[in-house]
Amino acid sequence: MKYCTSCRKLHNDNEETCTQCRKALKTVEDENTPVFLISAEGFEKERIIAALADEGIPTDTKRMKKDNSAKAVTGVDMSDVNILVPYQAYEKAYDVCVGIGAIKEENEEIIDDGEYKESDAKPLDRQLEEINGGSKAGRIILAIMFLVLAALAVFGTDAITGFISKLITGN
C-alpha cells in the first residue's frame, strides 16, 4: 500500500501521485504510520474517537482549517479534522466506523422501516397537544384553575388563622 505524506490518504500500489493533493506517494513501511481514516467535526468527531478508543485503536487528529474562534466562544472545538489511525489498525478502524454509521460502504442500502411522507408529519401544535394531553384552551383553563386554588389557599389560611386567633384571644 502507498500513502500520501501530506494528507495521509491510502492509495493502491499502482498509483504514483495522490488524487487529492497531487503529491508523490510513499510506500507504507512502518505498521505504525498514521493514515487517514475519516474527516469529522464536533460531536461526530468525538463519537468516532470514542468508538475507536473503546476498541483499543489509537487515534490522532489533523486540523483541516486554522479556525479556533468557535472554541473560544463555545468551549467546544467544532473545526473539521482528519482522524488518523495506525496503518496496522486501519481495517479494524474502518469496520468500527461502518458499524457506528460514520462510514457508508459502497452499494450499502439504508433500510427504512416505513415510508415517510410529508403528509404524515403533524404540525407542532398538534404534537404539543398530544404530549401535554390537551389543547391550548385546555391549558389556559388549567392555569386559571391553578391560580384560583393558590388564591383560595392563601386567603383560606388567613381566614383560619384569624378565626383561631379570635378563639384564643376572645376578641
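Only the coordinates and a few stated rules stand behind these numbers; no lab work does. Here the structure is a predicted model, which means the values were calculated and not measured. Glycine also receives a Cβ, built like all others from the backbone with ideal geometry; neighbour counts cover every protein chain displayed.
Ranked by the mean number of other Cβ atoms within 10 Å of their residues, highest first, the peptides 12-23, 85-96 come out as 85-96, 12-23. Extending 7 Å from the Cα toward the beta-carbon at both CYS21 and ASP60 defines two label points whose distance is 1.3 nm.
The ranking of MET145, MET64 from fewest to most other beta carbons within 10 Å of each one's beta carbon is MET145, MET64.
Between ASN14 and PHE163, residue separation times 0.36 nm minus the direct Cα-Cα distance comes to 43.7 nm. For the residue pairs LYS23/LYS92; LYS26/LYS104; LYS9/LYS62; LYS9/LYS45; LYS45/LYS92; LYS9/LYS104, the alpha carbons lie more than 21 Å apart in LYS23/LYS92; LYS26/LYS104. Spin-label pair ALA151-GLU44: with each label point 7 Å from Cα along the Cα-Cβ axis, the two points sit 5.5 nm from one another.
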